[in-house]
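The values are calculated or read from the model by the stated rules, or taken from the named source; none is laboratory data. For clarity, every value in this text was computed on a predicted model and none was experimentally measured. Note that we place each Cβ from the backbone using ideal geometry, even for glycine, and neighbour counts take in every protein chain shown. These accessible areas exclude ligands, DNA and RNA; they are computed on the full protein's heavy atoms, side chains included. Shrake-Rupley method; radii C 1.70, N 1.55, O 1.52, S 1.80 Å.
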Amino acid sequence: MSSLFTINCCKSFGCHNLGLARSPDYTWPDYRLGYAALHCRACGSNPPLFNDAEFRIWASAGLSDYAKESGHFCPACYQKEIIRYGHNPGGTQRVQCLHCKKVWTPRQQLTPIDPPEQLATIPLIVPFQGASADQQLYVLLSFDAIRGNVLHISSNFTPHPAGDSLLYRWHGMGESADIHNDIIQRVNQRETEFLRRSQFDEIQYGSAALKRNASGAVLRPVIAAHSHFRVLKTRFPEVAEHIVAHECFLRGAVITAWADLFRHRRGALWFVEEDIKDTACSTPWQLLGKTHQGWWQNQWQLWGQSDNRKMVCLLTKAPLEKGATVTLAASHRFITWLKEQPEFTHSALFSAGRVTKILASLARKYNALLSLTS
Ligand SMILES: [Zn+2]
Ligand SMILES: [Zn+2]
């Protein structure tokens, strides 16, 4: 419980303060980069500060609601040791938390799944019907990278009250819509976009105004990401390999959620950018070269497999040859399927809350189909 909602902390891999809420090495607020930041003297990093009280209130409501609905962990104490505890008069399964003895009835059927070895996460921009045309949600999708099933899907719409500092504000200027064809140039372009932001975690992805008088709110994507990964961390505390699309605040959210593991150097975290022309190709991947990119001068590896290319960036420590095995293939397969679903292609007709629910139900449908074919 203590570290579950920690959001203001050092987020540097290799720093002994990684994920710690308190350290004598911290000073804040620090404005040397032009925004309020936490300065960690041990590693010299300046992660942007959040309003942690507002985050805690909102995130704990969301986590409890998720637990009530899914039954994956306790809505009161977030522990995972749950037993079946009879049925309620309507015949649905009740469960009890072994830790705090809370009893509740999850709204979804409990289907235990094997924990993933690798977690792969991508963002997806999805239209919804809001105050005017062209409103969009920032959606995060996480997969078991090996088995391919969806493990969690969330959007930056929230039905829960959220403090002002957590809300997304569109300033009318998005990031480049022209995606470079060359994969190395594309990585470079993304890094340049991170630098153009008012702060690294402040993405401007498009307008997201709800209908007048609609309840709920639209959150900054970085806030949605922190919550998204805390759900996954509570469900899968031991997953040690994390693959994320090239987005710097996804790195921060993953490393903070599993900070205990990363602080003890037991986890690996990768950015992956892929150009897959032939999904059936089975020849081995070959390392074609290395380059350093962006503000952090991270090392990227370029891998090739026939006409397929991928760029991978290791943000922690792992053997170089591991780069051959990390992939976002699970997400490509799901997105291809998703784009064939009428509920998805018509998302612009539905409210933000409805779109979020539709996506979750499509993910359950996809998982069910996948379990039939495996
Ligand atoms: Zn540090
Ligand atoms: Zn409990």
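Just to be sure before I move on: is residue 182 out of contact with any strand residue (DSSP E or B) (no Cβ under 8 Å at 6 or more places or on another chain), without any contact (Cβ under 8 Å) to a residue 60 or more places away in the chain and in the same structural domain as residue 238 (by TED's automatic domain parsing) in the structure I sent? In short, yes.
A quick yes/no check of all residues on (1) open to solvent by less than 70 Å² (accessible area, probe 1.4 Å); (2) in a strand (DSSP E or B); (3) among the aliphatic types (A, V, I, L, M); (4) without any contact (Cβ under 8 Å) to a residue 40 or more places away in the chain:
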| position | (1), (2), (3), (4) |
| --- | --- |
| 94 | no, yes, no, yes |
| 99 | no, no, no, yes |
| 116 | yes, no, no, no |
| 120 | yes, yes, yes, no |
| 123 | yes, yes, no, no |
| 127 | yes, yes, no, no |
| 130 | yes, no, no, no |
| 138 | yes, yes, no, no |
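Every residue, every condition in (1) in contact with a strand residue (DSSP E or B) (Cβ under 7 Å, 6 or more places away or on another chain); (2) buried (at least 21 other Cβ atoms within 10 Å of the Cβ), yes or no:
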position	(1), (2)
231	yes, yes
248	no, yes
251	yes, yes
271	yes, yes
280	no, no
291	yes, no
304	yes, no
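Filtering 57, 83 for residues that are hydrophobic (A, V, I, L, M, F, W, C), within 24 Å of the chain's Cα centre (by Cα) and more than 16 Å from ligand 1 (Cβ to nearest atom) leaves a single hit, 57. Checking the condition in a helix (DSSP H, G or I) and either touching a His at 6+ places or on another chain (Cβ under 7 Å) or not assigned by TED's automatic domain parsing to the domain that holds residue 305 (or both), which residue from 250, 261, 269, 232 passes? Selected residue: 232, the only one of 250, 261, 269, 232 that is in a helix (DSSP H, G or I) and either touching a His at 6+ places or on another chain (Cβ under 7 Å) or not assigned by TED's automatic domain parsing to the domain that holds residue 305 (or both). Contact annotation: residue pairs with Cβ atoms under 8 Å, 6 or more positions apart or on different chains, pairing a residue in the range 196-207 that is free of Cβ contacts under 8 Å to residues at least 24 places away in the same chain and open to solvent by less than 30 Å² (accessible area, probe 1.4 Å) with a partner that is part of a loop (DSSP other than H, G, I, E, B) and not polar (S, T, N, Q), are 197/203.
Scanning the range 310-344 for residues that are of a type in the set (D, E, K, R) and either in contact with an Asp or Glu (Cβ under 9 Å, 6 or more places away or on another chain) or open to solvent by less than 70 Å² (accessible area, probe 1.4 Å) (or both) yields a count of 2. Mind checking whether some residue in the range 304-317 is among the basic types (Lys, Arg), under 30 Å from residue 43 (Cβ atoms) and not in a loop (DSSP other than H, G, I, E, B)? Checked against the condition, which is being among the basic types (Lys, Arg), under 30 Å from residue 43 (Cβ atoms) and not in a loop (DSSP other than H, G, I, E, B), the range 304-317 yields at least one hit. Within the bounds of the range 83-104, is there any residue that is within 16 Å of ligand 2 (Cβ to nearest atom) and in contact with a helix residue (DSSP H, G or I) (Cβ under 7 Å, 6 or more places away or on another chain)? Yes, that holds for at least one residue.
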